[in-house]
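I have placed the structure first, in the form of C-alpha cells, so that the comments after it can refer back to it.
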Amino acid sequence: MIDQLDILLRKLITSSVAGFASDDQVRFQPPDDDWRTYVKTLSVGGQPANALNLYLVDLRENRKLRSNEKVRSVQNGDVSETPAPRRLDCHYLISAWSPADVTPAIEPTLDEHAALYLVAATLSQSDPLVATAIYAPGPVPPTFPPDFATAELPIALVPPEGFIKLAEFWGTMGEKHRWKPVVYLIVTIPILPVGRLVGPVVTTSFTEILATDAPGSGEALLQIGGTVFDTQAPPQPVPGAWVELLTMAGVRLQLVNTDATGRFTFIRLAAGPYQLRASRAGLGVFTRNVTLPSPTGEYDLQL
C-alpha cells in the first residue's frame, strides 16, 4: 500500500507541477551522496533537469481514527468479519534539487525554492488525495486495491511544529551535506484488513420445549432464515423485500422485511410443509415450497 501511495504522489506531481513531467525527476531514495550524483547526471530530453526527492522518513499509527467496529458480509453462504481499518500516517520530507552549479549568473537555489512552492500549492489543492481523481480521465493502475483507488486520503501539509529532527536528518545524509528546506507532508492511508471467515450462515435452529415431569410432552420449534437475491450475475441481495410464510393452502402465518443484507427470519415454527413467498416493487413475486426442516438447510429466494 505504501508503494502505491508513492506511485500516486509521483503521478500527482508529474501531471500537475510545471517542470517535473518525467518520472525520473521524482524519486524516493534517501537524499544522500548517491542521490546528489544522480541529480548531477539527470537529463530530460537531452537537457539537465531539476529533481524532487520524496523521502518517507517515518510511519506512525493515527490512533485518533482507530475504530473497534467490525463489518460482517455474507458471500456464498459464508460469513466474513472484517475489522475497521487502522490508519497509518506516512511522513514525507520533500526536497528540491537543481543540477546547476552556483555562479555569479546562476543561483540554483531560487529554482529549488520555486519548485517547493509549486509542490506545496499542488498538494494544498489536492486535499484529500483521491486516486481516481488524480488519474482521471484515465484508469488507476491495476495494482491499486479498489478500496485504495476510491479512498479519500487526508493530508497534513507543512504542520506548524515542523519536522523536529530535520537537523539530525540532514546530518545522516553524508559528510558534504547541506541543510535544505523541505515540504513536510503527512498522508494518512488505511491499513486494509484481511477478512476473517467466521463460519457458514446459520439457517435453521431448533428449540425443544417439554415439561420435566412429562417426558412425552416435548414440542420442537424451528427458526429458519434465508436471503432474497435478484437475478443479476452474480446475484445480489435484495434489502427491503417482503417475505411471507404461508400454509400450503395459502394462509399467511408470518410476514417480514429483509434487512440491509437481504436476510429474513421466521420463528416458532412446527416441522412440516410451507410456502415462502418473496416480493418487491419492480422485481415481481417468487413462491417456493419448503419442508421444515430442510435437509439442505437452504431457504433462499430469488426475484
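The values are calculated or read from the model by the stated rules, or taken from the named source; none is laboratory data. All values reported here derive from a predicted model rather than from experimental measurement. Cβ atoms come from the backbone with ideal geometry, glycine included; neighbour counts cover every protein chain shown.
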| What are the residues in region 205-236 that are modelled with pLDDT under 90 and within 26 Å of Leu283 (Cβ to Cβ), if any? | Thr231, Gln232, Ala233, Pro234, Pro235, Gln236
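Would you say Ala149 is modelled with pLDDT of 90 or more, surrounded by fewer than 17 Cβ atoms within 10 Å (Cβ to Cβ), in the same structural domain as Pro190 (by TED's automatic domain parsing) and within 26 Å of the chain's Cα centre (by Cα)?
no
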| Arg36 passes all but one of (1) at pLDDT below 95; (2) in a strand (DSSP E or B); which number fails? | (2)
| said: Conditions first: (1) at pLDDT 70 or above; (2) over 22 Å from Pro181 (Cβ atoms); (3) assigned to a strand (DSSP E or B). Ser80 passes all but one, so which condition is the exception? | reply: (1)
| message | Of everything in region 159-188, what is among the hydrophobic types (A, V, I, L, M, F, W, C), at pLDDT below 95 and touching a Phe, Trp or Tyr at 6+ places or on another chain (Cβ under 9 Å)? Give them in sequence order. | response | Phe163, Leu166, Ala167, Phe169, Trp170, Met173, Trp179
| task | Output the residues belonging to region 262-280 that are closer than 17 Å to Thr227 by Cα and surrounded by fewer than 16 Cβ atoms within 10 Å (Cβ to Cβ). | result | Ile267
| query | Within region 45-59, can you find the residues that are modelled with pLDDT of 95 or more and part of a strand (DSSP E or B)? | reply | Ala51, Leu52, Asn53, Leu54, Tyr55, Leu56, Val57, Asp58, Leu59
| request: Could you list, in sequence order, all residues of region 62-77 that are surrounded by 13 or more Cβ atoms within 10 Å (Cβ to Cβ) and either at pLDDT 90 or above or among the acidic types (Asp, Glu) (or both)? | output: Asn62
| Here is a list of conditions, (1) without any contact (Cβ under 8 Å) to a residue 24 or more places away in the chain; (2) out of contact with any Ser or Thr (no Cβ under 9 Å at 6 or more places or on another chain); (3) closer than 19 Å to Phe148 by Cβ, and Asp3 meets all of them except one; can you say which number that is? | (2)
| request: Go through region 238-252 and count every residue that is surrounded by 13 or more Cβ atoms within 10 Å (Cβ to Cβ) and either β-branched (Val, Ile, Thr) or assigned to a strand (DSSP E or B) (or both). | output: 6
| field | Checking Val194 against (1) among the β-branched types (Val, Ile, Thr); (2) under 30 Å from Asn62 (Cβ atoms); (3) modelled with pLDDT of 90 or more, the condition it does not meet | value | (3)
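Taking only region 6-33 into account, find how many residues are in a helix (DSSP H, G or I) and without any contact (Cβ under 8 Å) to a residue 60 or more places away in the chain. Give the steps one after another, and end with the answer.
Taking region 6-33 as the starting set, the residues that turn out to be in a helix (DSSP H, G or I) are 6-16, 23-25, 33.
After this cut, where a residue has to be without any contact (Cβ under 8 Å) to a residue 60 or more places away in the chain as well, the list is 6, 10, 14, 23-25.
So the answer is 6.
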| task | Would you please list the contacts, defined by Cβ atoms under 9 Å and residues six or more apart or on different chains, that run from a residue in region 217-236 that is of a type in the set (Phe, Trp, Tyr) to a residue that is surrounded by 11 or more Cβ atoms within 10 Å (Cβ to Cβ) and part of a loop (DSSP other than H, G, I, E, B)? | result | Phe229/Pro235; Phe229/Gln236; Phe229/Val238; Phe229/Gly262; Phe229/Asp300; Phe229/Leu303
| query | helices (runs of 4 or more DSSP H) wholly in region 114-186 with at least 1 residues that are under 18 Å from Ser15 (Cα atoms) and without any contact (Cβ under 8 Å) to a residue 12 or more places away in the chain - which ones? | reply | 131-135
